[in-house]
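The values are calculated or read from the model by the stated rules, or taken from the named source; none is laboratory data. All values derive from a computational prediction rather than experimental measurement. Cβ coordinates were reconstructed from backbone atoms using ideal geometry, including for glycine residues, and neighbour counts include every protein chain displayed. SASA here: full protein model, heavy atoms, side chains in, ligands and nucleic acids out. Shrake-Rupley method; radii C 1.70, N 1.55, O 1.52, S 1.80 Å.
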Amino acid sequence: MKKDDYIGASISTRMYEKNLLTRADLERLNDYDSLRDVLNQLNDTIYRESINNLARPEEYENILKSELRRSYEVIRDIAPDKDILNYMQEKYNFHNLKVLIKEIVQDKDYSNLYLDMGDIDFSYIKKNLIKEEDKSNIFDNIEGLKSKKEVEISKNVNDTYLAFAKKALDKFKETNNPQDIDISLDKSYYERLLEDANNLGLESLIDFTKERIDLMNLKSLLRIKSQEESIEKLDEALIDGGFIEKDKFKEYFDFDINTLQAGLSSQKVGKYVKDVLTDKDKLDNNILNLEKAIDAHMADFTRDSKMVTFGPEVLMNYIISKEAEVKNLRILLVSKQNKLPKEFTLEKLRKSYV
């Protein structure tokens with residue numbers, strides 16, 4: 001990767017950033033009483049076209065999905081290569097894999113849960129899994145889960161995701177525990193992210209991904225301890241590739257919260273967990289606090305990316321900011337639809353990356 005290749009794309013992306021909603025914009029929208037009032041105000045923003053195509057205010061989810069798709073397409077059009085988009089779209093690819101496998105094991109139609117944001121040929125994966133499972137009468141609705149831009153995807157890439165799906169499905173057959181589907185695909189997801197980051201050759205993104213793996217392994221540790229499961233279950237859930245070795249997390253298994261916090265203090269993620277892990281809280285509350293630390297970790301990465309003049313970080317920061325914006329708007333619109341208190345909505349709004 002040559003950062004100079006991103007000069008033009010970075011300049012264009014900085015222009016797109018001017019249309020992002022700020023925290024002040026979100027708070028101003030929260031001052032309105034009804035769902036329709038908020039949508040009327042959004043008519044003066046980049047969401048205008050999607051709102052004009054809306055049949056009913058209650059269908060606002062279509063606006064959010066449309067804007068997120070548009071943002072990805074804009075970046076795809078200007079990016080000198082698609083490596084950064086591969087990284088950002090992995091979460092949608094793996095979400096769809098989870099839905100697909102759960103359809104297979106439960107023999108149900110969850111087509112409404114698929115997200116058309118990924119760029120993998122799921123019809124190919126579907127046909128191969130169905131061939132093995134002999135359940136050819138379902139999943140007709142995922143034929144459309146190809147990229148809107150008809151991105152060419154090699155068979156080797158699709159086979160990679162097919163292997164991820166088969167691995168998760170085989171694990172479920174072995175244990176008959178639906179949770180193992182998520183554990184298997186979550187491990188594959190983060191290992192794939194690290195591979196994408198390495199392919200991009202961006203040191204800041206590689207470090208960010210390794211730290212994220214450490215935080216997710218810590219979350220698995222707290223979850224498994226909370227559920228009073230075994231260290232063997234932890235070993236199955238731990239993800240390779242972080243700064244902290246997997247064996248270290250197994251050492252942490254018998255630590256109390258204070259000892260765990262002390263053990264993590266010298267690690268790169270130590271600053272994110274020092275104030276969120278406390279023996280005053282139950283493990284479930286510590287897990288919720290850790291989610292805030294994970295958000296803070298993402299916010300720090302985007303803040304640092306804003307200091308970059310040009311490079312793939314600029315494009316990635318725009319996508320992250322847009323996704324945060326969409327999440328915030330969803331919170332607002334759901335709150336207005338259900339007539340929730342404005343103070344409650346403000347508390348729920350995630351930290352804006354704009």
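State, to one decimal in nm², a quarter of the convex hull surface area for the C-alpha atoms of segment 1-116, i.e. the direction-averaged projected area.
9.8
For segment 1-117, what does the accessible surface come to per residue with a 1.4 Å probe? Please give it in Å².
50
What does the convex hull of the alpha-carbon atoms of segment 167-237 project to on average, in nm²?
That works out to 4.9 nm², a quarter of the Cα hull's surface.
How large is the dipole of segment 237-354 about the Cα centre if only Lys and Arg carry +1 and Asp and Glu carry -1, each at its Cβ, rounded to the nearest 20 debye?
680
Rank-order 289-298, 13-22 by packing density, defined as the average count of other C-beta atoms within 10 Å over each peptide's residues, highest first.
Packing order, densest peptide first, comes out as 289-298, 13-22.
Report in % the part of the accessible area of the chain that belongs to carbon and sulfur, leaving out ligands and nucleic acids; probe 1.4 Å.
45
Under the definition of Cα pairs under 8 Å and six or more residues apart, what whole-number percent is the relative contact order of the chain?
23
Once phi is turned into θ = phi - 60°, what whole-Hz ³J(HN,Hα) does the Karplus curve with 6.51, -1.76 and 1.60 give for every residue of segment 199-215, x standing for Gly and Pro?
4, 6, x, 9, 4, 4, 6, 4, 5, 4, 5, 5, 5, 4, 4, 4, 5
Using θ = phi - 60° and the Karplus curve 6.51 cos²θ - 1.76 cosθ + 1.60, what whole-Hz ³J(HN,Hα) does each residue of segment 170-184 get, with Gly and Pro shown as x?
5, 5, 5, 4, 6, 10, 6, 10, x, 4, 5, 5, 5, 4, 4
Calculate, in nm to one decimal, what GLU27 and ASN128 gain on full extension: separation in residues at 0.36 nm each, minus their alpha carbon distance.
On the way: separation 101, 0.36 × 101 = 36.36 nm, distance 4.81 nm.
Contour length minus the Cα-Cα distance gives 31.6 nm.
Quick one: accessible area per residue over segment 224-353, 1.4 Å probe, rounded to a whole number of Å²?
Here the per-residue accessible area is 52 Å².
Can you tell me the length gained on complete extension of the stretch ASN52 to LYS282, counting 0.36 nm per residue apart and subtracting the Cα distance?
78.1 nm
In whole Hz, what ³J(HN,Hα) sequence does segment 243-252 give by Karplus (6.51, -1.76, 1.60; θ = phi - 60°), x for Gly and Pro?
Per residue, the Karplus-derived 3J(HN,Hα) values read 6, 8, 4, 4, 4, 5, 5, 5, 5, 5 Hz.
Throw me the Rg/Rh for the chain, computed over C-alpha atoms with Kirkwood Rh, two decimals.
Numbers: Rg = 21.2 Å, Rh = 22.1 Å.
So for the chain, dividing Rg by the Kirkwood Rh gives 0.96.
7 Å from Cα along Cα→Cβ at both TYR110 and SER266: what's the point-to-point distance in nm?
About 4.2 nm, to one decimal.
List the pairs from LYS268/LYS342; LYS126/LYS327; LYS98/LYS292 whose alpha-carbon separation is above 32 Å, in the order I gave them.
On the way: LYS268/LYS342 37 Å; LYS126/LYS327 29 Å; LYS98/LYS292 24 Å.
LYS268/LYS342, as the Cα separations exceed 32 Å there.
Do any GluC sites (Glu not before Pro) in segment 165-247 lie in a loop, going by DSSP, with at most 10 other beta-carbon atoms within 10 Å of their beta carbon, and if so which? Walk me through the numbers before you get to the answer.
Details: sites: GLU174, GLU191, GLU195, GLU203, GLU211, GLU228, GLU229, GLU232, GLU236, GLU245; in loops: GLU228, GLU229, GLU245.
Counting only loop positions with at most 10 other Cβ atoms within 10 Å, the GluC sites (Glu not before Pro) in segment 165-247 are GLU228.
Please compute one quarter of the surface area of the Cα convex hull for segment 203-317 and express it in square nanometres.
For segment 203-317, the mean projected area of the Cα convex hull comes to 7.2 nm².
Taking +1 at the Cβ of each Lys and Arg and -1 at the Cβ of each Asp and Glu, which of LEU39, SER184, LEU222 sits farthest along the dipole of the chain towards its positive end, judged by Cα position relative to the Cα centre?
It is LEU39.
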